[in-house]
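Here's the structure we're looking at; comments come further down.
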Amino acid sequence: MNSDPYGVIVLAAGKGTRMRSQHPKVLHTLLEKPILGYVLDGIHDIHTRWIVVGHGHEMLRAAFPEHASSMVLQAEQLGTGHAVQVVWPQVVASAVEYVVVVNGDMPLLRRAHLEAAVAACRQRQADLGVVTVRMKDPTGYGRVLRDAAGEMVAVVEEKDLARLGVDPAIEEVNAGVYVLRVAGVGPLLFRLDTANAQAEYYLPQVIALAQQAGLRVIAVEAQNPEDFLGVNTPAQLVEVEESLRARVVRHWLEAGVVVRMPAVVRIGPDVELEPGIEICGPAEIYGKSWLGSGTRVDAHVFLRDCHLYGAQVRSFSHLEGAVVGPGCVVGPFARLRPGTVLEAEARVGNFVEVKKAHLGAKVKANHLSYIGDAEIGEDTNIGAGTITCNYDGVRKHPTRIGARAFIGSNTALVAPVAVGDGAVVGAGSVVTKDVPAGMLCVARARQVVLPWRRKEKDHAGDA
Ligand code: UD1
Ligand code: CA
């Protein structure tokens, strides 16, 4: 027997025609995370799972390598019913009693919804459970038809409403979450037909088939229609994203984070924040960022995959893949690129770009510099306009600067090059050779001052 309480099938093969984009629909992002990522997060510990992929399946495998082994190819996308047919032999072989089918385009769906639907089916001994919700605007969803006794008898797709004379005002819709008892419903899946407006195999047709076959079919009514919003169009994408954004910001406000101008703060779902942080909007914080207590993020800051241990990030700074220690001050107008590590109390000021560089404690690079592929010891001062010339056109080379060194303004450090502890480099130097510890390096044209008298202008003919 299978140890999972139920299996899960995620339908993610569709092209997403209504998005009108080249990318597979489920790779479109909300707060920088793909739609499918949300759905997969919710079921990561259910090992009996199949993800039906088709359109752009190589891209999906690349985007979710940890799920690639669960992906099953639906080479031709002939409809949601066909997608389930494709994996069905594997479902039968897995020996689960129930399998939950979910559309892959519902990023707000939560695990609790699946659990509730399965529990309802077990309790009522149903062969088929269909989650339904009441949408104020049901446009685009399959409408639920009930008989005089209130039993759900069918779901009618938007495009079939007119043909079948179904009232478009019906608010109860098919949410796109189904629980199938494998033994009961399996055979019916192969009796679906394409006699509908889109000439596709519709999974919801199994509802009518199951009723006709005398199986027990139940509608599992869910209370929060918002959680089941499907993303089909760019307008729906941003609508669902906004709803998620507000939910995430509200969560952090309640967790002790001061979020000023909350309506214009965007925080990704996988970001972690400690209490005692202040964020002022507009601001964007994405990816696997972690912000520790005491961190302050000013307006117009962008953070992705950063770790800030109680630092100040001033306005208009852009940080990606950076680790910033306690007491550091970054910006305004700073750019930290991946591989940047700032130890405690380091300062990176305006128009300074740092990439793949380790700045020791209390290092100051306050103005107009580029620091790439570099190692800088503590307490060193990097003067305005210092550039590490790390690229020779073919390869990148490292720059090493020791502790308590002083690099004068407008210095070019031509890597590979090293400046020792306590060394001083005069302003305007082009440093091509190593500077040993404690030495003074001046590598610039010597200033020449010569006697010279400016010729007086001849004003004689001016009258
Ligand atoms: C579907 C339901 C509709 C329901 C709505 C809820 C059908 C026919 N209709 O409509 O009743 O109200 O979801 O959001 O199922 N897919 C495949 N292979 C295919 C076709 C689709 O894997 O051949 C995947 C898509 O990638 C998508 C999911 O199935 O993730 C649903 O397909 P979509 O076209 O979005 O269905 P809807 O028209 O929204
Ligand atoms: Ca959909």
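See the values below:
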| quantity | calculated |
| --- | --- |
| Dipole of the chain, positive end: most advanced residue of A219, V352, M439 [Cβ charges, Cα centre] | M439 |
| Cβ-Cβ FRET estimate between D41 and D421, R0 fixed at 56 Å, reported to 0.05 | 0.70 |
| Stretch gain in nm, segment D147-H23, where the contour uses 0.36 nm per residue and the Cα spacing is subtracted | 40.6 nm |
| Cα-centred dipole magnitude for segment 234-441, charges only on beta-carbon of K, R (+1) and D, E (-1), debye, nearest 20 | 340 |
| Environment charge of G142, counting only residues whose C-beta is closer than 11 Å and scoring Lys/Arg +1, Asp/Glu -1 | -2 |
| Neighbour-count ranking [beta-carbon atoms within 10 angstrom, fewest first] of D4, D434 | D434, D4 |
| Residue-wise HN-Hα coupling along segment 21-32, computed from phi with Karplus coefficients 6.51, -1.76, 1.60 (Hz; x: Gly, Pro) | 10, 6, 7, x, 3, 6, 8, 5, 10, 10, 6, 6 |
| Full-stretch length increase - Q125, E239 - with 0.36 nm per residue and alpha-carbon distance subtracted | 37.3 nm |
| Extension gain from L253 to A62, taking 0.36 nm per residue of separation minus the Cα-Cα distance | 65.3 nm |
| Local net charge near A443, Cβ-Cβ under 13 Å (Lys/Arg +1, Asp/Glu -1) | +2 |
| Relative contact order (%) - criterion: Cα under 8 Å, at least six apart; region: segment 241-382 | 12 |
| Calculated [θ] (222 nm, deg cm²/dmol) that DSSP helices of n ≥ 4 give over the chain, each run adding -39,500 (n - 2.57) | -5500 deg cm²/dmol |
| Q198/N2 FRET efficiency (R0 22 Å; Cβ-Cβ; nearest 0.05) | 0.05 |
| Likely footprinting exposure, E239, E345, fewest C-beta neighbours within 10 Å first | E239, E345 |
| Length-normalised contact order of the chain in % [C-alpha pairs under 8 Å, at least 6 apart] | 8 |
| Violating pairs (Cα-Cα greater than 30 angstrom) within the set K362/K433; K33/K396; K364/K433; K25/K355; K25/K288 | K33/K396; K25/K355 |
| Normalised contact order of segment 273-334, rounded percent, pairs of Cα under 8 Å and 6 or more residues apart | 27 |
| Sites R163 and E221, calculated FRET efficiency, Cβ-Cβ separation with R0 22 Å, nearest 0.05 | 0.25 |
| Ranking of M152, M439 by count of other Cβ atoms within 10 Å, fewest first | M439, M152 |
| Options N103, G256, F190, ranked by Cα towards positive dipole end of the chain, top entry (Cβ charges) | G256 |
| Nonlocal amide H pairs with A334, under 5 Å, H built at 1.01 Å | S317, H318, F351 |
| Segment 50-63 - phi-based ³J(HN,Hα) in whole Hz, Karplus 6.51/-1.76/1.60, Gly and Pro as x | 9, 10, 7, 10, x, 4, x, 5, 5, 5, 5, 4, 5, 6 |
| Neighbourhood charge, 10 Å Cβ-Cβ cut-off, centred on A126 and excluding it, Lys, Arg +1 and Asp, Glu -1 | +3 |
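Quick note: the coordinates plus some simple rules give every number you see, no bench work behind them. Since this is a predicted model, take the numbers as computed values, not measurements. Reconstructed Cβ throughout: ideal geometry from the backbone, glycine too, with neighbour counts over all protein chains shown.
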